[in-house]
Amino acid sequence: MAYEDRARLAALWDAEVELFRAMRPESERAWRDALEHMPDGVPMLWMAKWPGPWPVFVERAAGAHFRCVDGLDHVDLCLGDTGAMVGHAPAASVAAISAQLARGATHMLPTRDAALAAGLLAERFGLPSWQFTLSATDANRHVLRYARQATGRHKVLVIDRCYHGTVDEAYAELDASGRVVSRRGNIGAPVPLDETTVVVPFNDVPALDAALASREVAAVLIEPAMTNIGIVLPDAGWHDAVRAACDRTGTLLVIDETHTLCAGPGGMTARDGLRPDVVVVGKTIGGGIPAGAWGMRPELVERVRASLDWDGEGLEDIDVGGVGGTLAGNAVSMAGIRATLSEVLTPEVYPGMIARAQEWTAGVQAAIDEFHAPWQVTRLGARAEYSFRATPPRDGAEAAAADDFALQQYLHLHALNRGILMTPFHNMALMSPATSSQDVEQHTVAFREAVASLYA
Ligand code: PMP
């Protein structure tokens with residue numbers, strides 16, 4: 001249900017903007033300097049979407065906290081939108097990355113760490129064959145090429161309101177009449193999206209079955225739970241139905257675990273016994289260094305190899321197949337993954353991260369209950385998110401309908417002014433191994449105050 005007292009919301013927003021201005025003169029100075037050579041004063045355009053009149057400029061970060069250039073300490077519940085889920089600057093990752101940097105960052109040749117990193121991922125996700133990129137986006141892009149090559153089919157199926165990075169095919173969604181269209185704000189789409197993409201709602205088995213029946217789809221690309229339009233959890237039976245539909249139609253099943261790695265050391269794939277043909281990971285696996293990866297069943301590798309004759313004359317063209325990047329698999333990324341998976345994001349740290357997320361969820365729920373806010377909160381492992389509707393959404397369209405940008409901006413700015421960073425663009429909090437109960441309590445207190453300001 002929409003928040004109705006817009007005048008009250010506007011007044012609350014204005015007061016928080018005043019507070020922000022007063023607290024952050026150095027960030028303002030840094031931003032004004034930055035405006036000279038960067039649009040909006042930010043190195044990537046989406047950084048302009050943070051709440052407040054200018055972005056907060058960071059001085060340093062460690063564990064679950066960062067300090068801004070105004071010297072203010074923040075509890076970081078955004079954690080680089082999962083890029084820093086392992087905490088900022090974890091000692092073992094920093095040591096391995098620094099050591100490798102000093103020995104040479106990139107040489108177009110493998111290091112021993114590459115095989116160790118691949119082995120760690122294989123053990124966690126149960127898929128034996130891995131390739132590396134600099135981002136999850138790149139891994140998804142490359143996987144779609146592999147899938148097209150292996151199946152000889154051209155289309156890709158994604159879930160309505162999904163996000164898989166800046167992957168052209170995945171910028172499709174359903175309009176009100178069920179047609180596949182480009183999502184709003186998509187910059188310079190290469191072709192109309194219905195040429196490349198089939199879209200179905202999450203948890204909609206009949207729609208999925210119907211979409212795959214024509215056998216035009218090379219791969220289904222899904223998150224095991226939606227995490228980019230709020231959290232939408234799978235219904236019982238959804239994943240079995242997806243696997244069965246893919247088997248029936250010869251479609252490859254790609255599970256993107258980039259965010260759902262918050263559910264356990266092998267993501268939801270290992271936690272829930274899912275059976276993908278391909279798993280994609282990225283963001284936090286390098287401990288902060290750019291790194292992405294995808295893992296495959298050997299049959300997929302073989303089909304691509306055979307189709308391109310890489311064991312014969314095709315070897316000559318192995319470098320120009322549209323998959324890769326000069327710095328992909330570089331020595332620093334490999335050292336980062338090896339150290340982060342073996343020493344930082346170990347199975348042992350998950351129970352603590354999940355317990356913090358349970359505490360955070362309980363704090364949010366308590367404020368919702370106390371002030372009868374018509375909101376809900378959903379948790380997935382070490383990640384949780386509230387949304388402005390009374391019940392958990394079952395698909396992306398339901399989740400999107402609960403959006404209230406002004407209300408969200410207010411809550412984020414209110415939190416920021418009390419030293420808490422939420423993930424931008426949605427109401428999500430993520431727990432690192434370094435996040436403490438005290439950090440969570442700081443959010444619980446501030447959130448209660450914010451909900452009271454709206455509903456008391
Ligand atoms: N997959 C998922 C599920 C994501 O949420 C994201 C980013 N939010 C990506 C892929 C892309 O990650 P990156 O931007 O690091 O390439």
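Tell me which residues, restricted to segment 257-297, are assigned to a strand (DSSP E or B), under 16 Å from the mean Cα position of the chain (by Cα) and away from the ligand (no atom under 13 Å from the Cβ). Even if it seems obvious, please write down each step before you answer.
Looking only at segment 257-297, we keep the residues that are assigned to a strand (DSSP E or B), and these are 278-281, 287, 289, 292-296.
From what is left, the residues that are under 16 Å from the mean Cα position of the chain (by Cα) are 279-281, 287, 289, 292-294.
Across segment 257-297, the qualifying residue is only Gly287.
Does Arg153 satisfy being part of a loop (DSSP other than H, G, I, E, B), in the same structural domain as Gly321 (by TED's automatic domain parsing) and under 14 Å from Cys246 (Cα atoms)?
Values: part of a loop (DSSP other than H, G, I, E, B): yes; in the same structural domain as Gly321 (by TED's automatic domain parsing): yes; under 14 Å from Cys246 (Cα atoms): yes.
The answer is yes for Arg153.
Scan segment 246-262 residue by residue and report those that are of a type in the set (A, V, I, L, M, F, W, C) and surrounded by fewer than 24 Cβ atoms within 10 Å (Cβ to Cβ). If you could, list the steps in order and put the result at the bottom.
Filtering segment 246-262 down to residues of a type in the set (A, V, I, L, M, F, W, C) leaves 246, 252-255, 261-262.
Within segment 246-262, Cys246, Leu253 qualify.
Might you check whether a residue that is surrounded by fewer than 16 Cβ atoms within 10 Å (Cβ to Cβ), at pLDDT 95 or above and on the phi > 0 side of the Ramachandran plot occurs anywhere in segment 362-371?
no
Filter segment 156-179 down to the residues that are assigned to a helix (DSSP H, G or I) and touching a Leu at 6+ places or on another chain (Cβ under 7 Å), then identify the one that is farthest from the ligand (Cβ to nearest atom).
Going through segment 156-179, the residues assigned to a helix (DSSP H, G or I) turn out to be 168-170.
If we keep only those that are touching a Leu at 6+ places or on another chain (Cβ under 7 Å) as well, we get 169-170.
Values: Glu169: 13, Ala170: 9 Å.
Only one residue fits best here, namely Glu169.
Pick out, from segment 394-456, the helices (runs of 4 or more DSSP H) lying fully within it that include 3 or more residues that are among the hydroxyl-bearing types (Ser, Thr, Tyr).
Numbers: elements: 396-401, 405-417, 437-455.
By residue number, 437-455.
Just give me the residues in segment 97-150 being outside any helix (DSSP H, G or I), within 16 Å of the ligand (Cβ to nearest atom) and of a type in the set (A, V, I, L, M), in sequence order. Please lay out each step first, then the result.
Filtering segment 97-150 for residues outside any helix (DSSP H, G or I) gives 104-111, 126-135.
Add one more test, that the residue is within 16 Å of the ligand (Cβ to nearest atom), and what stays is 131-135.
The answer is Leu134, and nothing else.
Only residues that are assigned to a loop (DSSP other than H, G, I, E, B) and surrounded by 14 or more Cβ atoms within 10 Å (Cβ to Cβ): list them for segment 17-37, please. Walk me through it before giving the result.
Pass one, segment 17-37, residues assigned to a loop (DSSP other than H, G, I, E, B): 24, 35-37.
Of everything in segment 17-37, just one residue is assigned to a loop (DSSP other than H, G, I, E, B) and surrounded by 14 or more Cβ atoms within 10 Å (Cβ to Cβ), namely Arg24.
Does segment 51-61 include one or more residues that are part of a strand (DSSP E or B), in contact with a Cys (Cβ under 7 Å, 6 or more places away or on another chain) and in the same structural domain as Ser432 (by TED's automatic domain parsing)? Break it down stepwise before answering.
As a first pass, look at segment 51-61 and keep what is part of a strand (DSSP E or B): 58-61.
Still in the list and also in contact with a Cys (Cβ under 7 Å, 6 or more places away or on another chain): 58-59.
If we keep only those that are in the same structural domain as Ser432 (by TED's automatic domain parsing) as well, we get 58-59.
Yes, segment 51-61 contains a residue that is part of a strand (DSSP E or B), in contact with a Cys (Cβ under 7 Å, 6 or more places away or on another chain) and in the same structural domain as Ser432 (by TED's automatic domain parsing).
Out of all the residues in segment 309-326, is one or more of a type in the set (A, V, I, L, M, F, W, C), within 26 Å of the chain's Cα centre (by Cα), assigned by TED's automatic domain parsing to the domain that holds Met108 and within 16 Å of the ligand (Cβ to nearest atom)? Step through it out loud before you land on a result.
Narrowing segment 309-326 to residues of a type in the set (A, V, I, L, M, F, W, C): 310, 315, 318, 320, 323.
Checking the rest, the ones that are also within 26 Å of the chain's Cα centre (by Cα) come to 323.
The next check asks that each one be assigned by TED's automatic domain parsing to the domain that holds Met108; those that pass are 323.
Still in the list and also within 16 Å of the ligand (Cβ to nearest atom): 323.
Looking through segment 309-326, at least one residue is of a type in the set (A, V, I, L, M, F, W, C), within 26 Å of the chain's Cα centre (by Cα), assigned by TED's automatic domain parsing to the domain that holds Met108 and within 16 Å of the ligand (Cβ to nearest atom).
The values are calculated or read from the model by the stated rules, or taken from the named source; none is laboratory data. Predicted model only: the values in this text are computed from it and were never measured. Cβ sites come from the backbone with ideal geometry, for glycine too, and all protein chains shown count toward neighbours.
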